[in-house]
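The values are calculated or read from the model by the stated rules, or taken from the named source; none is laboratory data. Remember, it's a predicted structure, so these values are computed and weren't measured experimentally. Cβ sites come from the backbone with ideal geometry, for glycine too, and all protein chains shown count toward neighbours.
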Amino acid sequence: MVTGPANRVLFGRRTMLFLLPGAVYLAVLSVYPLIDLIRTAFSDVTAENLLGERPSNGLDNMWRVVEDPSFGRVVLQTLVIVVIVLVVGLAGGFAAALTLRPRTRLSSVTLGVMVFVWTLPAVVAGNLWKFLLESGGPVNSVLLWLHVVDRPIPWLANGTLAIVVLGLVNAWMVVPFCALVLRAALLDVSEELLEAAALDGADGWRATRHIVLPLMRPVISILGVLVVINAFRSFDLIFVMTSGGPGTSTTTLPYLGYQQAFKFYEFGQGSFTATLSLVIVLFLSAVYLRMNRGEQT
């Protein structure tokens with residue numbers, strides 16, 4: 001039997017052999033497309049030379065994207081959706097976590113339903129809400145029946161309403177995940193600590209504000225970064241519900257990159273927009289990792 005350093009070397013070689021298929025898979029399906037995306041972002045690529053020579057054009061794609069009159073509005077719309085998802089997702093998730101904290105049969109059933117909502121594909125959720133919010137859909141029909149409005153509300157045909165609706169639907173899909181994570185954090189809060197606080201007069205909202213929330217701050221911070229990343233890269237809901245419209249009122253950075261590349265065949269500009277989106281997501285991921293490392297030390 002081989003022992004000592006020789007055994008460790010043999011074990012290391014076997015480990016590398018088992019990791020080789022995964023490394024090849026990652027290189028072919030992730031690393032190479034990423035490199036090609038970055039190269040295309042700084043090249044003059046159109047439908048004519050997509051499969052041929054790609055001449056470099058420096059920062060031309062960047063200037064064309066940034067100088068587009070609609071670029072600033074697209075960035076603002078992306079931030080609006082991110083803020084809506086972050087605020088509603090965390091607030092709704094925390095409220096749901098507080099409600100579902102007791103270990104009862106009803107809370108177990110509710111958590112199961114929330115897990116179903118969380119795992120629902122975005123395409124399915126988008127089509128569901130698009131049907132519900134149509135002019136003659138169930139939401140407008142109920143509002144008209146209750147005499148809340150006197151005519152159907154153009155939820156997805158009005159630019160301002162559409163961007164808010166997209167943010168709320170995205171948040172609706174995020175709330176179950178936030179609730180599950182925050183409920184787990186709530187269950188870690190010591191009952192003895194809350195009972196001691198109640199004896200000192202700090203119960204209800206006071207205990208939540210001054211004891212529970214500070215103890216949960218690390219989890220909330222990391223969860224907030226994950227929610228922001230998820231909201232920023234949202235594409236499916238926009239594609240299904242509004243296609244970036246009306247006009248460009250619900251177009252975000254990821255969707256703008258898709259339009260530039262596959263609608264207008266400006267692959268260089270689309271690649272730059274996608275690269276810019278990737279850089280922002282990587283920055284947010286770095287923030288997440290830094291926060292996570294700080295909590296572990």
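Looking at the stretch 112-134, is at least one residue in a loop (DSSP other than H, G, I, E, B) and under 23 Å from Gly247 (Cβ atoms)? Within the stretch 112-134, one or more residues are in a loop (DSSP other than H, G, I, E, B) and under 23 Å from Gly247 (Cβ atoms). Taking every residue in the stretch 92-109 that is among the charged types (D, E, K, R) and pairing it with any residue that is surrounded by fewer than 14 Cβ atoms within 10 Å (Cβ to Cβ), at least 6 positions away or on another chain, the pairs with Cβ-Cβ distances below 9 Å are Arg101/Leu187; Arg103/Leu187. Taken over the stretch 250-297, the residue count meeting the criterion of being under 15 Å from the mean Cα position of the chain (by Cα) and modelled with pLDDT of 90 or more is 4. Scanning the stretch 125-145 for residues that are closer than 22 Å to Phe232 by Cα and either buried (at least 19 other Cβ atoms within 10 Å of the Cβ) or of a type outside the set (A, V, I, L, M) (or both) turns up Ala125, Gly126, Asn127, Trp129, Lys130. Filtered by the rule that a residue be of a type in the set (A, V, I, L, M) and surrounded by 16 or more Cβ atoms within 10 Å (Cβ to Cβ), the stretch 89-99 gives Leu90, Ala96, Ala97. Just to be sure, is Met114 under 21 Å from the mean Cα position of the chain (by Cα) and over 30 Å from Gln259 (Cα atoms)? So Met114 fits the description; yes.
Restricting Pro33, Pro55, Pro102, Pro69 to those that are exposed (fewer than 13 other Cβ atoms within 10 Å of the Cβ) and touching a strand residue (DSSP E or B) at 6+ places or on another chain (Cβ under 8 Å) reduces the list to Pro55. If you check Val115, Val148 for being surrounded by fewer than 16 Cβ atoms within 10 Å (Cβ to Cβ) and touching a Leu at 6+ places or on another chain (Cβ under 8 Å), only one passes: Val115.
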